[in-house]
Structure formats: structure tokens, C-alpha cells
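These notes concern the structure reproduced below.
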Amino acid sequence: MKLNETEIADSYNDVWVLGEIVDGQVHKVTLELLGIARELADKRAVNNSKVVCLLMGSGLKGMETGLFYQSADRVIIVDDESLKFFNDSVYSSVVSRLIKKYKPEILISGATSKGRSLMPLVAVQIETGLTADCTGLDIDKESGLLLQTRPAYGGNIIATIKCENHRPQMSTVRQGVFKAIESDDTRTGELIVENVLEEEKKTRFTVLSEESYGDDSKINLHDANVIVSGGRGVKSAEGFEVIHQLANAVEGAVGATRATIDSGWISYAHQVGQTGLTVQPEVYIACGVSGQIQHLVGMQSSDLIIAINKDPDAPIMQLADVAIVGDLFEVVPEITKLLSN
Amino acid sequence: MPGGQNKMKIVVCVKQVPGTTEVSIDPETKRLKREGVSIEMNPFDTYALEQGILLREKHGGEVIVLSMGPQRAELTIRESIACGADSGILLNGRPLGGSDTYATSYILSQAVKKIGDVDLVICGKQAVDGDTAQVGPGMAAHLNWPQVTYVSRFVESGPKELKLERMHESGSDISLVELPAVLTVLKDVNIPRIPTLKGRLNSRKVDITIWNEIDLGTDPEKIGLGGSPTRVVSTRKPDARDKHTIVLNGNASESARELVKILKSRIEL
């Protein structure tokens, strides 16, 4: 809600991390967020800011311990059967109620599909601003405000955004940008248990069943340090086999261009680019990818870009840090072989 | 009853975005240059539009296209009508400009209320210029309707409820939502049709309704730059990449050996 300066100074403190559970475990991005939350809270020491992790789900018993190790001063656990599946309606009602109760100054969540579904609901419910998919967070020395940095226009502009008169200041944060701090098993903290209210469980939306990719980490492009991607040059569904083999060798995920998905060679979950995912791995290996702009906007922020292509003049070869001119069906298996030895 | 017996009144939100006509890489920064002189419909919205048309074909009813933007956004609305939408509304007015996602979703939700008896709002997953994915959920919150985001498949559709598949990073789920609701869709849901000649001719004749902030009855405190909780305080170009490209053009095994050396210097393998 919109506030005046006295109201803000008087009642809003603490940096909240909205924790995420995937397959019964705390998601990697939650630990990354605790790392940056610690930095932000320390910079807001004047406000006596604490790092608070809000963890929601079903069967969370004991999970607070690990969060304390990762620098949370306080963990609020909401453990309820109604939170077993991700129900936007139930989750947002609970988060909004707890925000009104505890008044955090800052609330951050991973820019995962869940985070990006839940946070905009919450922001409107409590009438505050939200910045999507941030790649930088800092505290403005003068004003003490959160400086939220994010790419827009396919990564061609970097904007810094403030939320001055509304609280909390809310951001979703891109995975892999911040580093989790080293776990310290001597740390403890305060545990608060909250519940889901009966009226919050009555919704017009129900999740019936859930299917997990499970151990198939080759699909989870956001978690991967290395992505091996195939483009039109892969030629067929069978052609993707060499891409999968290299991905196995580097313990990476498999990406793909729109053309390969439209041809039915691989599923949409793998698509990188404008109508697919935006990724930022440490290493992106583009095999037989020409480099249409719609693909490049989804991966150009990767740390190291490697392109393997027959055509030395393909756009991807200009963007790449390492450009290998050659037939991917000869080069890629060679790389896999060397790495497997 | 909304839209009458079993018929659906569907609002599809579309956004006009800068198009991408050619790709070039800035030799100084090794970043993409987007020579975006053209304008086009946000690619994700084409799937939202097609889904609206498919549902109307199944259940009857109407598809109303809603867009906020400058006068020229009328072109995007006409393009939607050429594809099969029944009518279009452009939200246009100086005080609406500069709205962030909070204000934009408020304005759009006011339009949905003014249209009245709407069963379903369909949006694309996100717009490719702002990349926020926040306006669809924001509308759901302003309307106090359930939302289903990242929809990848329509499993079953009835006039009162929908069974949908959602996709997330680690899997997918099947859910049931009672209408009215707000959906955001991925490109997996359908294959958008191409406008017919008849559609094109029709789209030129249809009157586009234009509503401003007065027509919408929006709270002046909640729209435009002044009504937006967030504010862009600075923009810059992204950091330059290392300009140097290492080109390996020997035989396959030489290139592979060289690359593995580089990889091992960068990551643990």
C-alpha cells in the first residue's frame, strides 16, 4: 500500500525470502536468495533488518535448520496439506496475510514459474510494486531503497528500478545470478509456525495431479551450469542423440531452437529464445544453431558461448567466444569422447 | 448468466511490440543490436488469440480483443480481427501512458469489468519487450478471479470450467479452474491460424472501440506514471562481452581437443 515516510520508517523492516520447494527439497534458488538477502539486510543494519525465510508446503518438518545454516535469522513455516501442490490462490492469500502481519521491507522470490505466478498476485493484493526477473539487487546508500536491476528488450537494455512509496519492495530474481553463502552449521535462528486459514482453502482453482521430470536434469535448463543446444543443423530427432550425449558428459541440460521444436524433433520444454526460455548458464554450447535473433535474445547473457557450425558467417559465430567451424556430427562426438575419458 | 447458455465471452489481451527485422552484432560490445523499426503483435499473444477463437468455435460466443497502447496499436487489433476475433477495444489516453505492470493490470481489469459478463481472459505468457509476465496475474488479482499461468495444454473445456496442463521448470501439473478466470498461455497450446482474405477485408471495416481513462472510470491515483508503484530510475547498455572470438577451423579432433582445454579452464568437468 502507498505510505508516507513516517509510516515506512516506523513499521517496515526485514528482508524476506520466499522459499521454494521442488520435489520435497529446498530449491537451489532459495539458497542463492538467502545469500543476497544477507547482504541487503546487513546494508540495512540501521533498520535492524533480519533475514527471514518464508517456507510453504507440505511435509516441511525440520527444514528450517538448513535455512538457518544459510543465514536466515528467522524462518516462518507454513506446513499444510493444502500447500502440497502449487495453488496460486491459496499461496497468495497466505503470503499476503503474513506480509500484512509482519510488514517486511523487502520481499524477494526466485524468478521461477511459481515465483513469477505468485508474486504479481501478491503485489496487487497488498498494493505494492514488483520488479520481474532481476539480475542485480543493491541498497541505495542515500535513500536506503532497494535498487532493482533487470534486463529488458531481450537483454538489450538494463534498467534500474525503485519502489519508493509502497512496501514491501518486491522482486523476482533470476536463478544463478547470486551465490549461496557457505553453510554454517553453528548458526541457529527463530522458528515461527503459521497456518493456512480455512477460508483461504476455499478456492475456484484445484490442482489435480502433478508430474515431475524427476531425475531427468536434461530438461531443467534453469538449474544447469552447462546447456548444449541443437538447431536446424541437427537435422532430425535422431540427430539430437549426439547433443544428449554431450549434455550427459558435461552434466548439462539440452536446449533447442524453435525450428527444431516446430519440426517435432524435441519437446517445447527445451526451447531457448523469445517464445521459450531465457537462460544464463556458465557455458552455452550451440550446435548447428544459425543464431536467429529470436534464439540469441534467450541466451546471449551466458558467460561463455561456444558455437559449432559449418557456416563461419552464421550470426551465432560472431556472438560466440569460441567458434568452431565444422560439422557438428564430427566435432560433437569428438568432444564427448574426450570428456568421457 | 455470462454470455448466455453455454456461450463464452472471451477477452484476449494483445500487445503491440517492437518487431525484430534483422540481426546484427555490435562489433564494439559483442551484444545484439536490434534494428527494431517494425512493429508486430507480441508473439505469445498469437497463441492466446488462437485459443480464444478455438474456444468460441467449440462453445459459441464471442472473442473481444483488448489492447492498451498508442493509436497505432489499432493495427494489432485489426490483425486479430483478421484472424477471427469478433471485435476490438483500444485503451488509449495520455494519462494511461507510463503505467507499470501494477497500473497496466488495473486499467485492463477495469476494461474487463466495463465489458461485463466476461467468462475468460486469455493473455500470452509475457510480452517480449518488457518480459515481465506480470500483467496477466495482476489482472487476476484486480478482478479477484483465479488464474492459471504457463498453460501448455487444454485437456478439457466446458463452458463453466477448464481442465488445463501447466508447465513449470521441474515438471507439469493438471488443474481445474472454475470460470471466470484469467489464463496465460505458452506456445504449446495451439498452432495459430493465418488470416483469411475474407478476414482481412472484414478487419478493415470493423469499428474499433476506443476507451480512455474517463470511459474506464479509473482512479486517477492508480494510473500512469504517477499511479505506478515502481519507477525506472536509470537505463544502460548491457556490459560488453569479450570482443575476441577464438575461431577453431582445423579438423574435428583438433578443434575438439582445443575446446576441451578451454572448457576445463572455465568449469569443473
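No lab work stands behind these numbers, since they all come straight from the coordinates. Quick caveat: nothing in here was measured; it's all calculated off a predicted structure. Backbone-built Cβ (ideal geometry, glycine too); neighbour counts: all protein chains shown.
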Query raised in the report: Once Lys and Arg get +1 and Asp and Glu get -1 on their Cβ, which of B:Pro70, B:Leu91, B:Gln16 lies farthest toward the positive end of the dipole of region B:7-92?
Result: B:Leu91
Report task. Give the long-range amide H neighbours of A:Gln169: residues separated by 5 or more places, or on another chain, with amide H under 5 Å away, using H modelled in the peptide plane at 1.01 Å from N. Result -> A:Ile106, A:Leu107
Requested in this report: Could you work out how far apart the two model spin labels at B:Thr196 and A:Asp42 are, taking each label as a point 7 Å from the Cα in the direction of the beta carbon, and quote it in nm?
Outcome: 6.6
Query raised in the report: In debye to the nearest 20, how big a dipole does the protein assembly as shown give about its Cα centre with +1 on each Lys and Arg Cβ and -1 on each Asp and Glu Cβ?
Result: 1380
Query - Violating pairs (Cα-Cα greater than 22 angstrom) within the set A:Lys43/A:Lys103; A:Lys28/B:Lys243; A:Lys50/A:Lys202 - result: A:Lys28/B:Lys243; A:Lys50/A:Lys202
Query raised in the report: When the Debye formula is applied to the Cα atoms of region A:226-340, each taken as the same point scatterer, what base-10 log of I(q)/I(0) results at q = 0.13, 0.16 Å⁻¹?
Result: -0.39, -0.61
Requested in this report: Under a cut-off of 15 Å between alpha-carbon atoms, report the aspartates and glutamates in cross-link reach of B:Lys261, not counting same-chain residues fewer than 8 places apart.
Outcome: A:Asp321, A:Glu334
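For region A:226-340, give the share of DSSP beta bridges that are antiparallel, in percent and rounded to the nearest 5; count only bridges with both residues there.
Details: 0 of 20 bridges.
The answer is about 0 percent antiparallel.
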Query raised in the report: Can you sort A:Asp133, B:Asp119 by how many other beta carbons sit within 10 Å, fewest first?
Result: B:Asp119, A:Asp133
Query raised in the report: Under the rule of -39500 (n - 2.57) per DSSP H run of 4 or more residues, summed and divided by the residues of the protein assembly as shown, what mean residue ellipticity at 222 nm is obtained, to the nearest 500 deg cm²/dmol?
Result: -8500 deg cm²/dmol
Query - Spatial separation of Cα centroids for region B:92-130 and region A:62-94, in angstrom - result: 32
Report summary line: Ordering A:168-175, A:56-63, B:106-113 by per-residue average of other C-beta atoms within 10 angstrom, highest first, gives A:168-175, B:106-113, A:56-63
Query raised in the report: Between A:Gln25 and B:Lys113, what is the FRET efficiency for a Förster distance of 30 Å, r being their Cβ-Cβ separation, to the nearest 0.05?
Result: 0.10
Query raised in the report: Over region B:8-222, what relative contact order in percent results from Cα pairs under 8 Å that are six or more residues apart?
Result: 25
Report summary line: Each residue of A:142-152 has, on average, a number of other protein chain C-beta atoms within 10 Å of its C-beta equal to 2
Query raised in the report: Ranking B:Glu156, A:Glu200 by Cβ neighbours within 10 Å, fewest first, what do you get?
Result: B:Glu156, A:Glu200
Requested in this report: Would you mind giving the mean number of other chain beta-carbons within 10 Å of the Cβ of each residue in A:291-297, as a whole number?
Outcome: 5
Requested in this report: Let me know the charge dipole size of region B:8-222 about its Cα centre in debye, to the nearest 20, where only the beta-carbon of Lys, Arg (+1) and Asp, Glu (-1) is charged.
Outcome: 480
Query raised in the report: Given +1 on the Cβ of Lys and Arg, -1 on the Cβ of Asp and Glu, and no further charges, what dipole in debye does region A:226-340 carry about its Cα centre, rounded to the nearest 20?
Result: 240
Query raised in the report: Hey, if you put +1 on the Cβ of every Lys and Arg and -1 on every Asp and Glu Cβ in region A:1-67, which of A:Asn48, A:Ile36, A:Gly24 ends up farthest toward the positive end of that dipole?
Result: A:Gly24
**Report entry** Peptide A:162-172 - average C-beta neighbours from other chains (10 Å radius)
**Finding:** 3
Requested in this report: May I ask you to list the residues of region B:115-130 whose amide nitrogen lies under 19 Å from a point 7 Å from Cα along the Cα→beta-carbon direction of B:Asn6?
Outcome: B:119-120
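What does the net charge come to around B:Ser170 if you take all other residues with beta carbon closer than 9 Å to its beta carbon, with K and R at +1 and D and E at -1?
Net local charge, B:Ser170 excluded: -3.
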Query raised in the report: When a footprinting reagent is the concern and you count Cβ atoms within 10 Å, what order do B:Cys83, B:Cys123, A:Cys287 take, fewest first?
Result: B:Cys83, A:Cys287, B:Cys123
Query raised in the report: Which FRET efficiency value, to the nearest 0.05, do you get for A:Glu199 and A:Met1 by plugging their Cβ-Cβ distance into 1/(1 + (r/R0)^6) with R0 = 25 Å?
Result: 0.70
Query raised in the report: For chain A, what relative contact order do you get, as a whole percent, if you take Cα pairs closer than 8 Å and at least 6 residues apart?
Result: 15
**Report entry** Two-site label geometry, B:Lys58 and B:Ile246: point separation in nm, points 7 Å out along Cα→Cβ
**Finding:** 5.3
Query raised in the report: Roughly what percent of Cα-Cα pairs across the protein assembly as shown reach past 35 Å?
Result: 40
Query raised in the report: For chain B, with equal point scatterers placed on the C-alpha atoms only and solvent neglected, what are the log10 I(q)/I(0) values from the Debye formula at q = 0.12, 0.16, 0.17 1/Å, to two decimals?
Result: -0.79, -1.21, -1.33
